[in-house]
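Colleague: Would you mind keeping the following structure in view while I ask a few things?
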Amino acid sequence: MIQRIQSVYLFLTVVFTALLFFMPVAYLTIPEAPTYEFYTTQVIQSGTPKVFIACNWMSMVLNIVITLLSAVIIFLYKKRFLQLRLCVVNIILLIGLLILMWLQIARLTDELHAVRQWGFSFGFPLIGVILNWLAIRGIIKDIALLKSYDRIR
């Protein structure tokens, strides 16, 4: 049952949330100063030697939890109702990650008096929400199909 379509959606969620560790979410540009890159794990100063500025513990831990939870949900295919509930929890966590990243970037922008540019990876949690929603729809279809088989018996 791992070959179900919701397993593909959940695997893509794992991929997109794992990419957040390696791709900058936003760029903070200060006039006549170096540019800073905001990752879910850290803030670094751009340049030839990249300089570590700060670590983002909250967003890093939340991203790890989301990635691991998505991976675990894939293998809970025999427990559909638990899988359904965990997908809803994952959606809430993804929305929380999106809000947390936005708040952290807004705080840094105000502190540094910088201009922010969003990276396209800022939308990855939103893509994860959509993929989890599609997985929920697939799980509900599986539950309905199994109930129909039970009626036939």
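Colleague: Where nothing but the Cβ of Lys and Arg (+1) and of Asp and Glu (-1) is charged, how large is the charge dipole of segment 73-153 around its Cα centre, in debye to the nearest 20?
Modeller: It comes to approximately 680 debye.
Colleague: List the relative contact order of the chain as a percent without decimals, with contacts defined as Cα pairs under 8 Å and 6+ residues apart.
Modeller: Computed over the chain, the figure is 33 percent.
Colleague: Separate question: Calculate I(q)/I(0) for the chain by the Debye formula, one identical point scatterer on each C-alpha and no solvent, and give its log10 at q = 0.13, 0.21 Å⁻¹ to two decimals.
Modeller: With no solvent term, the Cα-only Debye profile gives -0.63, -1.18.
Colleague: Note the angle between two axes, namely the Cα long axis of helix 80-112 and the longest principal axis of the Cα atoms of the chain, as a number of degrees from 0 to 90, rounded to the nearest 10.
Modeller: 10 degrees
Colleague: In segment 43-98, which trypsin sites (Lys or Arg not before Pro) are in a loop and have at most 14 other Cβ atoms within 10 Å, using DSSP for the loop call?
Modeller: Lys50, Lys78, Lys79
Colleague: Rank Asn90, Asn63, Pro24 by how far each Cα sits towards the positive end of the charge dipole of the chain (+1 on Lys, Arg Cβ; -1 on Asp, Glu Cβ) and give me just the farthest.
Modeller: Asn90
Colleague: Please give the charge dipole size of the chain, origin at the Cα centre, charges +1 on K and R Cβ atoms and -1 on D and E Cβ atoms. Round to the nearest 20 debye.
Modeller: That gives the chain a dipole magnitude of about 1120 debye.
Colleague: Also, quick follow-up: Rounded to whole Å and sorted largest first, list the principal axis extents of the Cα atoms in segment 58-124.
Modeller: Per principal axis, max minus min of the Cα coordinates gives 52, 19, 15 Å.
Colleague: Something else about it: Positive end of the charge dipole of the chain (Lys, Arg +1 and Asp, Glu -1 on Cβ, about the Cα centre): tell me which of Ile143, Thr48, Leu112 has its Cα farthest that way.
Modeller: Result: Ile143, furthest along the dipole toward the positive end.
Each reported figure results from applying straightforward, stated rules to the coordinates on display, with no laboratory input. Values in this document were obtained by computation on a predicted structure and should not be read as measured data. Neighbour counts run over all protein chains shown; Cβ positions are idealised from the backbone, glycine included.
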